[in-house]
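The structure appears below as structure tokens.
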Amino acid sequence: MPQQVVGKGEVSGEEEDYSLKRFASHPFYTAMNRRLVKLCELQPWWRVVDLGCGIGAVTWLLVEEVCGDGGQVIAIEPLGEALEEARRSLAHLPKVAVRFLKRRGEDLMHCASVRSMDGVLFCNAIHLVPDKSLVLQNIHAVLRPGGVFAFNSAFFEGAQSADTFPFYTAWIRHALHIFKDDYPDIRRKKEGKAQARILLTPEEYRQLLEDEGFELEYLELCPVELPLEGFEDISGYELFARGALPGVPLAVAVDCLKRGVAEAFRDLNLTSVTRNWLQVVAVKA
């Protein structure tokens, strides 16, 4: 059983959940996903893929829209534990409305049950994909002509406005000081640049879509006010923590980031920090 840091270099034997579950429970997260779903103008009879469904935070939003005769949501996730949690959390929905598949986005076109789809939504995950062109090729292959592809992300070049840079600088500075002071016996390992820190601009996403045969319908930056609790919860997400403090053991990185962001909020007298959410809708040309 993995160890959990509880502060000041102490650890316990309790298992920690490093998933996106806590962050995904915030109202702002649901609001951004709901807005993207509404922008797609889904029809009740459509067949739609929730790609990278995770624990099902977006799947149920899709079911609200796609619930007519012939309508279906196919929830696809490569991580078995997350897929099982999504299955459990959505067990009350009509079985005909949702199907669950364990598969990567890079292999989507090879799935016989995913053909001529009316829509594919890829929420809060495209920034983690190493080969974005390959995933877009797969999505293009499974959509019908005129089918909708939509994605969003809070991790892109432009998510942080210039006036928030002092906050992010203070956050990481505090986290590194905590790491140095409270974990003097732990040395950071040298690692390559984490995928979560390889960010594209909105214009680069636009070009990528055009290169892979999509026509852009809608692109916007939605400012969202994130409270301290939101930053604390994203600090506990494994992929974010490893990207923010690369080379630091996961439990230690989470501890340092959570305590560091609290100190940054206090020092700068903040109640929230604005972060842009990228919302994109395109169609298969």
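Listed by position, the helices (runs of 4 or more DSSP H) inside region 185-256 whose residues that are more than 19 Å from ASN124 (Cβ to Cβ) number at least 3 are 202-211. Exactly one residue among LYS258, LYS189, LYS284 is among the charged types (D, E, K, R) and at pLDDT below 95, and that residue is LYS189.
Return yes or no: is LEU250 at pLDDT 95 or above and crowded, with 19+ Cβ neighbours inside 10 Å? Spelling it out, it is not the case that LEU250 is at pLDDT 95 or above and crowded, with 19+ Cβ neighbours inside 10 Å. Taken over region 114-149, residues that are in contact with a Gly (Cβ under 9 Å, 6 or more places away or on another chain) and in a helix (DSSP H, G or I) amount to 9.
Residue-by-condition table, conditions (1) part of a strand (DSSP E or B); (2) modelled with pLDDT of 90 or more; (3) surrounded by 15 or more Cβ atoms within 10 Å (Cβ to Cβ):
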| residue | (1), (2), (3) |
| --- | --- |
| LEU36 | no, yes, yes |
| VAL49 | yes, yes, yes |
| LEU61 | no, yes, yes |
| VAL73 | yes, yes, yes |
| LEU83 | no, no, yes |
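Please enumerate the residues belonging to region 67-94 that are without any contact (Cβ under 8 Å) to a residue 40 or more places away in the chain and of a type in the set (A, V, I, L, M, F, W, C). Within region 67-94, CYS67, VAL73, ALA75, ILE76, LEU79, LEU83, ALA86, LEU90, ALA91, LEU93 meet the criteria. Against the conditions (1) modelled with pLDDT under 95; (2) in contact with an Asp or Glu (Cβ under 7 Å, 6 or more places away or on another chain); (3) of a type in the set (S, T, N, Q), GLN195 satisfies every one except (2). Within region 14-34, restricting attention to residues that are of a type in the set (A, V, I, L, M) and in a helix (DSSP H, G or I), the residue that is modelled with the lowest pLDDT is ALA24.
The values are calculated or read from the model by the stated rules, or taken from the named source; none is laboratory data. Being a predicted model, the structure only gives us computed values, none of them experimental. In this analysis, Cβ positions are derived from the backbone assuming ideal geometry, glycine residues included, and neighbour counts consider all displayed protein chains.
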